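The values are calculated or read from the model by the stated rules, or taken from the named source; none is laboratory data. Only a predicted model underlies this, so the values are computations on that prediction, with no experimental measurement involved. Neighbour counts are summed over all protein chains in view; Cβ atoms, including those assigned to glycine, are modelled from backbone coordinates with ideal geometry. Accessible surface areas use protein heavy atoms only, side chains included; no ligands, DNA or RNA. Shrake-Rupley method; radii C 1.70, N 1.55, O 1.52, S 1.80 Å.
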Amino acid sequence: MAKLIAARSAQWPLLSEFTFNFDDTIVDINGVEKDFGKTEAHDVVASIINLPEGAVVVSGEIVVETAGVGPTVYTASLGDSASATRYANAVDLKTAARTALTLTGFRTSENLRLTINSTVAAASAGKATVRVLYVLPGRANEVVPN
């Protein structure tokens, strides 16, 4: 049994964000360059934010800044290699809005992966930002005096 004492340190959350437009491209997890707004045989699945070992996501959002136009279905999910929807599932990119991430307390060493699903027609508009705040257990930026 360990003798515990009150915490005397604090850390600042770290912020990472990734913004994409309908006409941007990215190299997916298979090394293939994909377009965020095209309809393809496979979804766009790409690592977009590299988290350090043991990071815990404590807040975040997907903000659709410009509504997508064109596809019948145009959604974004955020997760990792173990769960494609760990933090967000099928956020509608055709509606300008803010969607808070689902927080799990999960400690990860995985990069965050964005999955875009687009069907029927190519997008002719759309812009979104994925924003993630995370902490690293055991890290301290401030020490609180007694």
- Item | Gly68 vs. criteria in a loop (DSSP other than H, G, I, E, B) and surrounded by 21 or more Cβ atoms within 10 Å (Cβ to Cβ) | no
- Query: Do we find a residue being hydrophobic (A, V, I, L, M, F, W, C) and more than 27 Å from Leu93 (Cα to Cα) anywhere in the stretch 8-26?
  - Reply: yes
- Query: Of the residues Thr119, Thr102, Thr129, which is free of Cβ contacts under 8 Å to residues at least 40 places away in the same chain and surrounded by fewer than 19 Cβ atoms within 10 Å (Cβ to Cβ)?
  - Reply: Thr102
- Note on the structure: The residue that is farthest from the chain's Cα centre (by Cα), considering only those in the stretch 71-99 that are open to solvent by less than 60 Å² (accessible area, probe 1.4 Å) and of a type in the set (Ser, Thr, Tyr), is Tyr74
- Item | Residues that are part of a loop (DSSP other than H, G, I, E, B) and under 19 Å from the mean Cα position of the chain (by Cα), drawn from the stretch 3-22 | Pro13, Phe22
- Would you mind stating whether Ser109 is open to solvent by 30 Å² or more (accessible area, probe 1.4 Å) and at pLDDT below 90? yes
- Task: With respect to Asp35, determine if the residue is open to solvent by 70 Å² or more (accessible area, probe 1.4 Å), out of contact with any Pro (no Cβ under 7 Å at 6 or more places or on another chain) and farther than 30 Å from Gly138 by Cα.
- Result: no
- Query: If you go through the stretch 46-65 one residue at a time, how many are open to solvent by 30 Å² or more (accessible area, probe 1.4 Å) and closer than 20 Å to Glu33 by Cα?
  - Reply: 2
- Message: On the basis of being charged (D, E, K, R) and either outside any strand (DSSP E or B) or over 11 Å from the mean Cα position of the chain (by Cα) (or both), does Glu61 make the cut?
- Response: no
